[in-house]
Amino acid sequence: MTLTEDASGAWTVIALDAMAAQHASRRNLTVMPAAPSSPADVAEALTRHGYLPDEGLATSIFLAVALKRPLLLEGEAGVGKTEVAKVLSRWTGGTLIRLQCYEGIDASQAVYDWDYARQLLHLRAAEATGEARGVGTAELENQLYQERFLLKRALLQAIEHTGDSVPVLLIDEIDRADDEFEAYLLEVLSDYQITVPELGRFSATRPPIVVLTSNRTRDVHDALKRRCLYHWVEHPDFEREVRIVRMRVPNVIEPLARQVASAVEALRSLNLYKPPGVAETIDWAQALAVLGVSELDERMVEATLGTVLKYREDQDRARQHGLAAMVKTAVERGAPVR
Amino acid sequence: MSGSDAAQPDAAQPGAAPLRGQPAERIAVTFARVLRGAGLATPIGNVLTYVDALGRVGLDDATAVYWAGRTTLVFAPEDIPLYDRAFRVFWGRISPGDLPPEPEVQRITLALDDEDAASDTPDDAERTADRDPTLVLRFSAAEVLRQKDFATYDDIELRQSQQLMEQLRFAGPPRRSFRNRPARNGSRPDIRRTMRESLRAGGEPIRRAWQEPGQRLRRLVLLLDISGSMEPYSRAMLRFVQAAVAGRQRVEAFALGTRLTRITKELDSRDPDRALGRAADRVQDWSGGTRLGECLRDFNDEWGARGMARGAIVVILSDGWDRGDPALLGEQMQRLHRITRELVWVNPLKVTPGYAPLARGMAAALPYVDHFVEGHSLAAMEELAAVIAGTTSARRRDHPASPHDTRSP
């Protein structure tokens, strides 16, 4: 993104923000080595940056980076799909470019748009200074379709990015977009090229790391899936979840982290509408930490149940099942292993 | 939910030792063939990616080999067990006999008019006429067929009914799309077009262009009960479902029995016979028991609440006989009712004289149903199509079905 002399206020701010972010990332973070040499490398690096992947996810990420393929992540809500892209950008030091999909998203919101307001202003200015009369319509039109009037959206930003570090493009909840958009995306993710008819072709010097996520409200098209590597993200097992809690909420002591993880595991087995994900586990641990709790008890669970279970019916079911028994098991399991 | 962890090869396993010395391409292609044999679609492009992946992780570590395949060859969680089986057979050199048996697949033959159907049909001419793709039913015949109860259909009538069902239109009420479209008398300025037009006038925006929000079809979700008690009707109704899936966009179809099976992909074909055949192969519990409550719960958990049923028209085609717990069914119906736009229940028994929704499941579900319609004949299905299209004056949901049932507008 370049600054132009006649840039409007808004433009300047956006451009400066982006530049500042780039500078910060260059200064503070160790840039990812050219390519990780094994899945274990990836696991180690992500752990260092605050994400604990299991072996499968580490292998998928390793292969996605090594083979330069997009990575499609599916799984229950709250298992940490979006977080993968964030940690990748922390690791690589590249900008995180996020495209949130929704129904009806189209090229002008995902790829580029022309800044019509500024184009109109330009025309009026040309007219006012008498310049418009001097040049022909064709020339006037050429002036209008210059890069400085182009509003680059997420996909184009990711493609034309030039910098030391590879950007991370997060295409979030692709299942919410329509089929047409998916088809377009397939084209972009195959060649890493975008054509703007009035300007020509933008192509990536270094393709971005691409992470797509889906909640499976519908099937992503086979062709797009084939283009990607695929990983189904599971809830973490008990020990991993304990480590995640310890890592994300450092002021929670080990026994409490174990109790929370155990209680969440019990809740997940209850056939709930929305079984708690890792995000909820972390929220819960955080809430307990803020309240100064050092050991789980029934009263505290009752008071903080809303941070893990977000449906009234789910809370009722958990109560019916007996919070006391759940707490008892959790406390037993929370005892340090000898 | 770490079921697949169990399937991962344990460290003690010798990994790919038996295949050492073979080039990765050869191993990958052979393994892909095993996967295809197990029923997993494995396109050649992905096999090539798999070869690359094996090249990166090497063949020594069984876990890495497992994940290299999982991430390049498997694209749906349902396929993971298939992959796991194939992996154990191929890399572990376990003979298939040592594995636990696959669940037995029960198949039914749908009344498709195959060439090799039993040749003892007395009138050969009639059969030929029946196969004729341009067969047009005379009005009277069609009229008789329209009113006839599905349960009394013979195979030929079933086939004829297909053509009438294909003529049904399932448009459905639209909803506002996020995207705008050009409109002469729209309410929002279309700056892009105004801009382009102003160029002709030397930059003067004389003609203003307008746009308005576009419209999109609401999703239609069809849940077909295929249990034993529905057998006389489910064959005809499956044709109805197929016609809907093939006839318009944004339709999803599921079979409800002892388990929930998604059959959208199988049915989505212009060729109804192929579509029905594929669906019949996919569904494993034809004419078995019914566990409506559990199936609806699975639907809500896996698909509905995640987005598929939100703002959609959901149609349940079932007689409401349920072996499961009516309380569970009621609870799941309430849940479904809360996120759908309209919830329609089609019951083929409704027309039966003296019928009252006495089946316990039906009674539990009824408070949450917006439209309760018949489903025993073509005429009834036409009525259903009209309900879906929103062209009948059937009652719209105007008050919550229960005091606890609050809906967002």
Report task. Could you tell me whether any residue of the range B:11-19 is within 14 Å of another protein chain (Cβ to nearest Cβ) and modelled with pLDDT under 85? Result -> yes
Report task. Identify the single condition in (1) more than 13 Å from chain B (Cβ to nearest Cβ); (2) surrounded by fewer than 20 Cβ atoms within 10 Å (Cβ to Cβ) that A:Leu52 does not satisfy, given that it satisfies every other one. Result -> (2)
Query raised in the report: Taking the stated definitions as given, is A:Glu180 surrounded by 21 or more Cβ atoms within 10 Å (Cβ to Cβ) and charged (D, E, K, R)?
Result: no
Report summary line: Given the conditions (1) buried (at least 17 other Cβ atoms within 10 Å of the Cβ); (2) away from chain A (no Cβ under 13 Å); (3) within 30 Å of A:Pro275 (Cα to Cα); (4) over 12 Å from the mean Cα position of the chain (by Cα), every one holds for B:Gly293 apart from (2)
Query raised in the report: Has the range B:320-327 got at least one residue that is more than 14 Å from chain A (Cβ to nearest Cβ), in contact with a Ser or Thr (Cβ under 8 Å, 6 or more places away or on another chain) and either in a helix (DSSP H, G or I) or surrounded by fewer than 24 Cβ atoms within 10 Å (Cβ to Cβ) (or both)?
Result: yes
Query raised in the report: Which of the strands (runs of 3 or more DSSP E) contained wholly in the range A:142-235 include at least 2 residues that are within 28 Å of B:Met308 (Cβ to Cβ) and of a type outside the set (Gly, Ala, Ser)?
Result: A:168-172, A:209-214, A:229-233
Report task. Starting from the range A:290-313, keep only residues that are within 14 Å of chain B (Cβ to nearest Cβ) and more than 16 Å from A:Val331 (Cα to Cα), then list their pairs with residues that are aromatic (Phe, Trp, Tyr) and surrounded by 13 or more Cβ atoms within 10 Å (Cβ to Cβ) whose Cβ atoms are within a distance under 8 Å, requiring at least 6 positions of separation or different chains. Result -> A:Tyr311/A:Tyr273; A:Glu313/A:Tyr273
Query raised in the report: Do we have any residue at all in the range A:74-97 that's assigned to a strand (DSSP E or B) and within 13 Å of another protein chain (Cβ to nearest Cβ)?
Result: yes
Requested in this report: Out of the residues in the range A:114-157 that are within 11 Å of chain B (Cβ to nearest Cβ), acidic (Asp, Glu) and within 17 Å of B:Glu197 (Cα to Cα), state the one that is farthest from the chain's Cα centre (by Cα).
Outcome: A:Glu127
**Report entry** Selected residue (criterion: surrounded by the fewest Cβ atoms within 10 Å (Cβ to Cβ)) from residues of the range B:228-239 that are touching a helix residue (DSSP H, G or I) at 6+ places or on another chain (Cβ under 8 Å) and under 17 Å from B:Leu349 (Cα atoms)
**Finding:** B:Pro232
Query - Top-ranked residue in the range B:339-350 [being out of contact with any strand residue (DSSP E or B) (no Cβ under 6 Å at 6 or more places or on another chain) and over 16 Å from B:Arg218 (Cβ atoms); ranked as modelled with the lowest pLDDT] - result: B:Leu349
Requested in this report: Take the residues in the range B:162-210 that are at pLDDT below 70 and more than 38 Å from the chain's Cα centre (by Cα), then tell me which one is farthest from B:Leu384 (Cα to Cα).
Outcome: B:Gly202
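The values are calculated or read from the model by the stated rules, or taken from the named source; none is laboratory data. Keep in mind the model is a prediction, meaning the values are calculated, not measured. No Cβ is skipped: glycine too gets one built from the backbone with ideal geometry, and neighbour counts run over all protein chains shown.
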